[in-house]
Structures are given as C-alpha cells and as structure tokens.
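Encoded as structure tokens, the structure appears first; notes follow it.
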Amino acid sequence: MNIVVPIKMVPDLVEELVIDASGTRLDPDALRLKLNEFDDHAIEQAILLKEKGKGEVIIVAPDVAGIDDALFTAAAKGADRLVKLTGNWNAPRGANNHALARVLANFIKTLRAELILTGVQAPNDLDGAVGPPLAEHLGMPYVGYVSGVMVCDGTAQIRKEYPGGMIAEMQVTLPAVLGIQAAEKPPRYVPISKVRATMKTAKIEEFPAAELETIGAPMTVRLFQPETSTRATMIEGDADTVAARLVEIFKERGVL
Amino acid sequence: MNSDIYVIIEHLRGRVADISYVMLAAARETANATGGKVIAVILGHDVELLVSRLAADRVLYMEHPVFADFVSEAYQRALAGLIKEQMPRAVLFGDTTMGGDVAAWLSAHLSLPLVSACRTLRADAEHGAIKFVSQICGGKIMAEGELPTPSALVMMVPGGYKPEQGTAIQPPELVRIDAPALDDLRVTVKDYVEPAVGDVDIAKENILVSVGRGIQNQDHIEMAEALAKALGGVVAGSRPVIDQGWLAPTRLVGKSGKSVKPKLYLALGISGAPEHVEAIGDSEMIVAINTDATAPIFDLAKFGAQMDLLDLMPVLTEKVLQAKE
C-alpha cells in the first residue's frame with residue numbers, strides 16, 4: 001500500500017516573529033522554519049501503518065529552506081521515498097494552501113496512492129488546511145482531526161476527535177485523505193547520527209511545481225502584532241523572589 | 001448580489017456548540033451593514049428544538065437521517081448545492097474539528113475564497129466592504145484584509161464575540177429545505193467513545209497546575225504533580241504534552257479537550273495558542289510562567305513571570321508547603 005505524506009515547514013513560534021517592511025508577510029530573513037508538528041505526527045502514523053503491513057511511505061514537501069533535513073529525518077525513521085516540489089515557494093504570494101493542494105494533487109495523481117496522511121493544520125494557515133482541498137482535487141473523501149488509523153480490506157478505521165474529548169469511530173473507504181491530529185504513538189526520536197548516515201544513502205527526488213495558482217486565499221493581507229488592553233502584572237526577580245510573591249498572591253486571593 | 005450572511009450551525013448529539021452563537025453575533029453585525037439577512041443553516045435529524053435560541057432572521061433546516069451524526073462528506077455535498085445556488089455574501093463555519101472538514105473542501109469545490117482563523121468581521125456600511133481579522137501563528141500574528149467579493153467562506157474562532165450576542169429570546173422563522181441524495185457516502189460513523197472519566201474531572205477542579213511544551217520531557221511531570229499536590233489541585237496540560245503521551249487525554253485543556261474555570265489556573269510553559277486560550281477564559285485568576293516574554297498567555301494572565309518553569313516549580317512547591325504549615 002502506498003501512503004503519501006505531504007509535509008511542510010512553518011514558522012518556529014518559539015522565535016520572535018518579525019513582519020517585513022511591506023507589512024504583508026513575515027520577514028523571510030528573520031524567520032526560522034521548522035517542520036509542522038502535525039505533519040510529524042502524520043509521518044509517524046504512516047510509518048506505524050507500514051510496519052504493520054507492507055508498502056511504501058512517500059514523503060512530499062515544497063522545496064524551502066530546511067526541507068532536506070526534515071526529509072532525511074523522515075527517511076531515517078523509515079520513509080521510503082523523499083520528494084521535493086520545486087517552485088517559487090518564496091514568492092510573496094507563493095505559498096498558500098490552495099496553491100500547495102493543486103501542486104500536491106498533480107504529483108499524487110502520478111502515484112497509485114491509497115492513503116494520504118497530512119497534518120490536520122499548520123499554525124500559519126490563513127486559507128484553511130491543505131488536506132480538504134487536496135481531497136477535493138483527487139476526488140477522495142476527507143476526514144480531519146484524526147488520532148488513530150487502522151487499515152483493513154480497502155477501508156480505514158479511524159478515530160476522529162470532537163470538542164470536549166468525545167471521539168467518533170468512523171470508517172472511510174480508500175483511497176482517502178486524512179488530516180492527522182496525533183499519531184497513535186508520539187513521533188519517534190531518531191539520533192542525529194542515524195540521520196547523517198541516511199543522508200549518504202537516501203535520495204531526494206524532485207517534481208516541478210510549475211506555476212503556483214494562489215486563487216482561493218485572501219488576496220491582500222496586512223499583518224500586525226496583536227495589541228492588548230490588559231497585560232499581566234509581571235513579577236521580576238529570581239525563582240525565590242517570584243515564588244515568594246506568588247505565595248503572597250495565592251494567600252490574598254484565598255487560594256492558599 | 002446576495003448580501004445575506006449564512007451561518008452553518010454546529011451541533012453534536014443534541015447540543016448547539018457555543019461557536020454557532022459566536023458566528024451568529026458576527027453575522028448580525030456584518031449583515032446590519034451589508035443590508036442582508038442572517039440565515040442560519042442547520043443540517044440535522046429531529047433537531048427542531050435546537051433552533052429556538054438562534055439569533056437569525058431565518059433558519060434553513062435540512063433534515064436527513066444521515067445528519068444524526070456529523071459526516072464530513074454529507075455536509076460537503078449538502079452545502080455545496082445550497083451555497084452554489086444562493087451565493088451569499090459570506091458563509092461562516094466554525095474553525096473547529098467539524099467546520100475544518102467542510103469549509104476548505106467547499107472552497108476548492110466551488111472555487112470560492114476562504115479565510116480561516118477569523119476572529120472578527122466588520123462591515124463598512126458606506127462602502128459595503130467587509131474586513132476580516134484573523135489570528136495566526138499561535139496568536140502571535142494578526143492578519144487583516146478585505147473579504148473577497150461577491151461570495152466568500154469564513155472559518156471563525158471564538159474570542160471576538162460573546163455567545164450571548166448570538167442568542168435570541170424569540171424563536172426564529174424555520175424553513176425546511178430538501179437534502180440531496182446521500183446514499184453512497186464513503187465516510188460513515190460507527191460508534192462514539194465518551195471521554196474517559198478518569199481519576200479527576202479537570203473542569204470541576206479549583207486549582208489547576210497546567211503544563212505546556214516548556215515542561216520539556218515526561219520526567220518533569222513529577223515536579224508539576226508535587227506542586228499541584230502542595231496547592232491542593234491537579235495537573236492538566238496543553239495539546240503538545242498530551243500528544244507526547246506525557247499526560248492522559250482526560251487532562252487536556254483546549255479546543256479538543258475540556259474548558260475549565262478554576263479559581264487558579266497556573267499556566268507553566270504554555271504559550272497561549274488560541275485553541276488553548278478559548279478554554280481557560282472563565283478562570284478566576286490566570287498566572288503564567290514562560291521564558292518567552294512575547295507569549296500571548298501574558299495578555300490573558302493576571303500575573304506573570306518570565307522564567308523557566310523548571311527553575312520555579314521546586315522553589316514554589318517548597319514555599320507553598322511552608323506557607324501551609
């Protein structure tokens with residue numbers, strides 16, 4: 001069974017986010033990218049399924065800074081094929097999910113994919129997630145917020161999350177696109193030495209993205225940092241000072 | 001051009017989700033300026049009683065046994081026909097585990113633009129333009145723009161409107177509409193699994209020591225347990241901690257977990273992403289500890305300190321125990 005996992009790099013939210021002079025995008029020079037966490041779970045879920053059955057795991061991603069490392073790491077975990085979609089992803093309006101879904105659909109149509117697992121969302125999505133439009137282009141069903149997948153007899157048995165912790169057990173006819181919230185097990189850790197060894201043997205294929213068609217996302221957007229009227233009273237000092245002040249506050253408020 | 005604002009009502013197992021009322025409030029404000037009506041759309045089976053408090057000018061009720069459950073493919077198919085026929089100025093969906101399966105698919109299928117993570121919609125009565133403000137990158141960046149014309153889809157997050165603003169006293173006019181054929185669906189619901197009750201119900205606890213990514217690894221959970229025990233509370237967590245398997249899913253605070261309202265919510269190493277923040281707004285007092293001074297959690301907290309939670313937890317535990325002696 002062929003399992004395709006589209007992944008992408010997203011801003012690392014732990015870093016300070018800088019808006020560039022145009023005010024319409026994050027400054028690419030100040031931006032540190034990391035693999036979308038939900039995509040990491042999609043990779044893990046795909047490899048777990050492969051280990052239970054047979055088939056290939058194919059990882060595919062837009063060709064942006066840092067993607068080679070993410071692809072080699074996936075190979076070190078057990079992915080079989082690595083594919084970069086080459087194109088002008090850094091163009092100011094290049095990389096929205098509508099454009100990505102169209103390119104992914106073109107690529108996936110060249111494979112005989114039975115299951116497509118992608119991260120259910122990404123922190124910088126402004127035009128929805130990439131999974132649903134991809135499913136539409138491929139004529140496949142889509143279910144997102146999935147936290148467990150089993151495959152048998154041409155169907156996937158899945159667990160979908162609802163608010164409040166409720167879970168629905170669903171059946172989806174394959175081929176299908178699933179938006180992964182969490183893999184059955186946390187993403188495995190691979191030592192850097194294993195990733196380095198994989199770099200020597202694994203090959204990254206390229207697939208041209210051609211023209212990026214961005215229609216379907218909001219056109220002109222102004223970015224700004226949120227301003228809030230209220231902000232926490234900050235307690236300064238070392239751990240001792242902060243802890244002492246917190247105990248006072250807890251007493252004042254009747255918590256202690 | 002149709003200037004009505006459509007709201008796709010989200011409901012599950014006999015209860016209308018709060019986000020539906022939030023969307024109705026946004027729709028009302030927008031429709032007042034566009035001169036259109038607020039039209040609620042409910043897909044369901046035997047749900048007449050659910051519509052009574054929807055603050056809409058009209059409710060379109062599409063009834064079908066399949067809609068007893070939420071099935072993404074059934075919603076997609078049913079709404080594609082309706083939206084294509086009506087082409088409302090805007091169609092609002094929850095940016096939720098339900099709306100997320102539907103809106104982006106419809107956007108591709110109908111070639112209609114989509115804006116997600118939208119917090120507010122404001123219409124300019126003079127020019128008729130609708131301005132959206134979305135909240136992305138874990139709440140650290142806002143994106144503002146004009147909602148494309150003539151028709152656009154919007155996925156809404158809570159925070160911009162109170163559910164009460166979208167609640168009516170008088171029941172709205174109810175109009176039944178036909179459902180399309182829905183007999184060859186590739187997605188079916190087999191069963192529901194109720195959330196495990198577990199040892200504690202975090203929604204009912206008075207003191208929550210809630211840990212996020214800053215806890216770094218499972219070994220440090222013990223330190224949080226010790227602090228919670230000293231305070232007479234329990235440990236909860238945000239999504240990354242649960243997905244790593246460091247805490248049971250019953251301890252999840254956030255969009256797909258529980259909403260909480262403790263006297264003290266001690267947020268340790270939690271950045272305050274919107275999907276977490278929406279579940280802690282009713283807390284009496286939020287205290288946040290984070291190494292990142294720009295973390296959005298500090299906008300919500302009453303008190304905060306910029307430091308590593310691993311440095312603070314043992315000292316705070318000790319001081320709390322001393323204070324109780």
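Read-outs throughout are calculated quantities, based only on the coordinates presented, and are distinct from any laboratory measurement. Predicted model only: the values in this text are computed from it and were never measured. Heads up, the Cβs are rebuilt from the backbone with ideal geometry, glycines too, and the neighbour counts pull from every protein chain shown.
Worth a mention:
- Inter-site label distance for A:Met150 and B:Lys84 at 7 Å from Cα along Cβ, in nm: 3.7
- Convex hull volume per residue in cubic angstrom - Cα atoms of region A:48-185: 120
- Surrounding net charge for B:Asp95, when Lys and Arg each add one and Asp and Glu each subtract one, Cβ distance under 10 Å: 0
- A:Met219/A:Glu56 FRET efficiency (R0 41 Å; Cβ-Cβ; nearest 0.05): 0.60
- For chain A, the longest principal axis of the Cα atoms and the long axis of helix A:239-252 meet at an angle of about 70 degrees.
- Label point distance in nm, B:Leu185-A:Asp29, each placed 7 Å from Cα along Cα→Cβ: 5.3
- Averaging 1/r over each pair of different alpha-carbon atoms in chain B and inverting the result gives 21.3 Å, the Kirkwood hydrodynamic radius.
- Maximal additional length on extending the B:Gln170-B:Asp311 stretch stands at 45.3 nm, based on 0.36 nm per residue less the C-alpha distance.
- A:Thr173-B:Leu49 FRET efficiency (beta carbon distance; Förster radius 45 Å; 0.05 resolution): 0.85
- In terms of overall dimensions, the C-alpha atoms belonging to region A:209-256 reach 62, 24, 18 Å along their principal axes, ordered largest to smallest.
- Proximal charge balance of B:Leu185 [Cβ under 14 Å; K/R count +1, D/E count -1]: -2
- Taking 0.36 nm per residue of sequence separation and removing the Cα-Cα distance, the A:Ala21/A:Thr228 pair yields an extension gain of 72.3 nm.
- Contour minus Cα-Cα distance for A:Leu111 and A:Glu184 (0.36 nm per residue): 23.7 nm
- Alpha carbon centroid spacing (whole Å) that separates region A:97-139 from region B:32-73: 29
- Diffusion coefficient (Stokes-Einstein, Kirkwood radius over C-alpha pairs, 4 °C, 1.567 mPa s) for region B:43-200: 74 µm²/s, rounded to a whole number.
- For region B:281-318, the residues whose amide N sits under 14 Å from a probe point set 7 Å from the Cα of A:Arg253 along the beta carbon direction are B:281-289, B:298-305.
- Our note on the geometry: Cα centres of region A:173-216 and region B:152-222, 29 Å apart.
- B:Ala293 paired with B:Gln322, simple spin-label distance in nm, labels 7 Å along Cα-to-beta-carbon: 2.8
- Once you reduce region A:1-77 and region B:274-296 to the center of their Cα atoms, the two points are 27 Å from each other.
- In degrees, nearest ten, helix B:221-231 long axis to first principal axis of chain B (Cα): 80
- Cα centre as origin, Lys/Arg/Asp/Glu Cβ charges: the protein assembly as shown dipole, Debye: 380
- Translational diffusion coefficient (Stokes-Einstein; Kirkwood radius from C-alpha pairs) of chain A at 20 °C, 1.002 mPa s, in µm²/s: 106
- Among the trypsin sites (Lys or Arg not before Pro) in region A:22-52, those placed in a DSSP loop whose Cβ has at most 14 other Cβ atoms within 10 Å are A:Arg32.
- Helix axis angle, B:18-34 relative to chain B longest principal axis, alpha carbon, degrees: 50
- In chain A, the DSSP-assigned H stretches of four residues or longer account for a calculated mean residue ellipticity at 222 nm of -8500 deg cm²/dmol, using -39500 (n - 2.57) per stretch and the full residue count as denominator.
- Descending Cα extents along the principal axes, the protein assembly as shown, whole Å: 69, 68, 51
- Backbone N under 11 Å from the B:Ala196 label point (7 Å along Cα→Cβ), restricted to region B:236-252: B:247-251
- Sequence-distant aspartates and glutamates (8 or more away, or on other chains) whose Cα lies within less than 17 Å of B:Lys162: B:Glu10, B:Asp18, B:Glu29, B:Asp95, B:Glu275, B:Glu278, B:Asp282
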